[in-house]
Each structure stands twice: as structure tokens, then as C-alpha cells.
Amino acid sequence: MAEQATKAEERRLPRVKPATDIIEKEDGFYIYVDMPGVSKEQLVIDLNEDELKVSGKAEYKLPEGQKLGHVEFGGGEYFRSYTVSHIVDKERIRATLRDGVLELHLP
């Protein structure tokens, strides 16, 4: 029963398409993805052939005894996918999550 409640709670999280910047430099492409509140443990990066998928969950728990009056910062599930060019060295893709921003380097 507790498992069903957890799944129902997860489904209530809004799905968000995070803001993204893609910059081309001499050493490759850099993708910056805005993912506030997402921890490394809640981050999933998956590369399947030419599709790179990035997702993560941010959950904000209220202290016991507090009630929501208005929410704009609430939790959510972030998801983006990108098509990776054939010129990218897929074995050397690197990711860094810092201060709510995911940085992907595609050499």
C-alpha cells in the first residue's frame, strides 16, 4: 500500500522541460541544463545510439506541521533529449552537476 502511495506522489510531480544552452567551442559542444534542486543521486543521463536523454527529480519536503499557501518553487521532474552528431566522441562525453546546472561536454 505504501508503494502505491509513493508512485501516486511521483506521478503528481509536474514534468518540466528545463532551459538549455548549447555552445560550440574548439574542443566540442557544451550543453548547459538548468536543473535546480536535482541531486546527483536523482540525475539520470542515458546515451542510446544518437539520442542523449537527461532527466532528474527535485523534491521539496515541507517541515512537519506546515501547510502550503502558494507554490511556485515546488518539486518537479526534468526531462530533455538531444540528438548527438556523428562527429561527437561518445566515449569521452563528460557531465558535471554544480549549483543546479548540469554541464555536458561532448568532444
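The values are calculated or read from the model by the stated rules, or taken from the named source; none is laboratory data. For clarity, every value in this text was computed on a predicted model and none was experimentally measured. Just the protein is used for accessible areas: all its heavy atoms, side chains included, with ligands, DNA and RNA removed. Shrake-Rupley method; radii C 1.70, N 1.55, O 1.52, S 1.80 Å.
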State the Cα centre-to-centre distance between the stretch 23-46 and the stretch 80-106 in whole Å. 6
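Can you sort Lys53, Lys67 by solvent-accessible area, 1.4 Å probe, largest first?
Lys67, Lys53
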Per DSSP H run of n ≥ 4, the term is -39500 (n - 2.57); total these for the chain, divide by its residue number, and report the mean residue ellipticity at 222 nm rounded to 500 deg cm²/dmol. -3000 deg cm²/dmol
Using the Karplus curve 6.51 cos²θ - 1.76 cosθ + 1.60 with θ = phi - 60°, what ³J(HN,Hα) values do you get for each residue of the stretch 87-98, in whole Hz, with x for Gly and Pro? 7, 7, 7, 5, 6, 10, 5, 10, 10, 9, 10, 8
Quick check on the chain: what are the equivalent-ellipsoid semi-axes from the Cα gyration tensor, as sqrt(5λ), descending, whole Å? 32, 15, 11
